[in-house]
1. In whole angstrom, how far apart do the alpha carbon centroids of region 359-398 and region 97-176 sit?
2. With a/c under 1.5 counting as rounded, go ahead and sort the chain into rounded, prolate or oblate using the C-alpha gyration tensor (a ≥ b ≥ c being the square roots of the eigenvalues; past the cut-off, prolate if a/b is larger than b/c, else oblate).
3. For region 472-601, with the dipole built from +1 on Lys and Arg beta-carbon atoms and -1 on Asp and Glu ones, taken about the Cα centre, which of A501, I591, V488 lies farthest toward the positive end?
4. Between L245 and E564, what length comes free when the chain is fully extended (0.36 nm per residue of separation minus the Cα-Cα distance, one decimal in nm)?
5. Go through P193, T135, L166 and say which Cα lies farthest out towards the positive end of the charge dipole of region 26-230; charges sit on Cβ, +1 for Lys and Arg, -1 for Asp and Glu.
6. For the chain, with the dipole built from +1 on Lys and Arg beta-carbon atoms and -1 on Asp and Glu ones, taken about the Cα centre, which of G305, G364, S569 lies farthest toward the positive end?
7. Which length gain, in nm to one decimal place, applies between D104 and D554 when the Cα-Cα distance is subtracted from 0.36 nm times their residue separation?
8. Using a Förster radius of 56 Å, what is the FRET efficiency between T492 and I96 based on their Cβ-Cβ separation? Nearest 0.05, please.
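What follows is calculated from the coordinates using simple rules that are stated; it is not laboratory data. Treat the numbers as computed from the prediction; the structure is a model and nothing was measured. Glycine also receives a Cβ, built like all others from the backbone with ideal geometry; neighbour counts cover every protein chain displayed.
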Amino acid sequence: MLFSCRISSFNALLKDFILKKSSGNFRLFIQNHSVGNRTYLIIASIVVGIIAALAAVLLKTVVHYLHLIPEYFSKHSTTGLWLIILPITGIIITVIVTRIFFRDKLEKGLGSILYSIAMKSSRVGKDKMYSHIITSGITVGLGGSAGLEAPIVITGSAIGSNIASLFKFGYKERTLLLACGAASGIAAVFNSPIAGVVFALEVLLTEFTIPGFIPLLISAASATIVSKLLYKGQLFYLVSHEWYLNAIPFYIVLGIICGLLAVYMKRTTLAVESYFNTDSRRRFKMITGMILLGGLIFLLPPLFGEGYDSIKTLLGGHFSEILNNSVFQGLKFNAWFILIFTLAVVLLKVIATSLTIGSGGNGGIFAPSLFTGAFTGFGLANFVNTTGIATLSTPNFIVVGMAGILSGVVHAPLTAIFLIAEITGGYTLFVPLMIVSALSYFITRYFEPFSVYTKNLAKKGHILTDDKDSNVLKYLKISDLIETDFIVLKTTENLNALVDAFVMSNRNIFPVVDGNNEFFGVILLGKVKEHILRKEMYEVTTISELAEKPMTIDISESMDSVMEKFEKSDYWNFPVLNNKEYLGFISQSSILASYRRTLKRSSLLF
């Protein structure tokens, strides 16, 4: 009897759920059944973590099986031509897939996610939930010199954003779930939940509270569990050794080198990206880029793919094997040539990555940063050991170098520290990691205030910062605040027209345009009272004589600029122009009202 009652209750509940869900009121259903908003958000974060982990596992699986192709050629080919052919093939397939299925609208890099947070209320297109898995898997799986982390972060962010929209969450919760997806992606790729959470906080979220921190932790933990259950392998696993105080000066040197290299990597990446993004000779640039990429990988095989296998080789102490499959194999036992080869790899990895992405492939700079850092740390330690200056632990410097470059390029020192600490299985190198990551970060920030993800967005004012006021203003659009209920006067009209307008208008300000409908000026009623009181002036005084030239606002200006103009003047309204065409007025009162609404909507979570 009791069992029957429970079944009946469950059926009634299920029926109620279906009805509520079908009408788009799933959230109302949850609330009606005593599940609080916070609990609801926690449940959603778990769902996001699981789905993001499944996406990460799928991407890793795709790349794993595609890697069997180069592995076959590596064992059976008598020439290294496959090093040229496979990466180019991967990029060509990626370009075709992008053109046919995604209409050439594949936005690459985390910049698109940061832009969505700042300018699109954290709404990310549904196609991003799968497009980057397909394209980056093909590119990297066949040897494109890029990473998978940025694509999986974009995928996870899109999953979080769209799940939030599906369940009718508002902006605050949608932003948090977007960050949950990003954190889950990193957590699933590296099996490092803390690093995933810290990455989301450092790179995507400008502020957080402890209650908002909980969904991130739960989502990343869920993703890690799912990833470990379904994918037993790991991209790489590092084993660090004890460090000694006499190595501190060399860690300081490594931190400085990493900082300077991070500046070089950022500037190179953005310069090549700018070159490929111009419309002129687009096809020629893509073909040239693919050929150059093939040539670089042929000469320096470690540039093939993400490069994690090369890191494993270095960590295993098989230094000479990084020359395998290259034309320089005959010099693999020459210690000095290995150092020269390492330097070339360090300097050219970022170029290979930029060529991969610029030519039409898909991938990110995260893995290349770790790769470059590993070779930088190896190069320094091997140089010191070879010259006899000191005896350093090469694996330790490889590990710490990875954190150093990542910290500088992404501007995420805590992510770098915790990522390396987690994947090494402990915190043995925590102090060296802190020294190198901090030095690299501060040096990079000195030369480049913005990360590789945010520099271009910062130029356009399209990113959020630590300045809460500036962040809120970024959400306000001039076009949404323009007031048009003003009577427009012509320069050729006389004072009679102003009197008639005064009678019909509730405003005390009147815009004036010329014969070409271009903005001429404004008439402030308070300043022309003496003219209005003199009827003999009505026919002889023209509007152009009474108009004055105020400060104007262009429709393309940022809201920061608008507020700065208001602060510097005594005006309460400014005319808004599109080039010279009059559009309407924007007032301080409308801005302040919209500011208050936006501030309330985008306030701290919970």
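1. Distance between centres, Cα-based: 30 Å.
2. Prolate, since a/c reaches 1.5 and a/b exceeds b/c.
3. Looking along the dipole axis, the top candidate is I591.
4. My answer for the length gained is 109.6 nm.
5. Checking the options against the dipole of region 26-230, the answer is L166.
6. Farthest towards the positive end: G305.
7. Value of the extension gain: 158.8 nm.
8. 0.40
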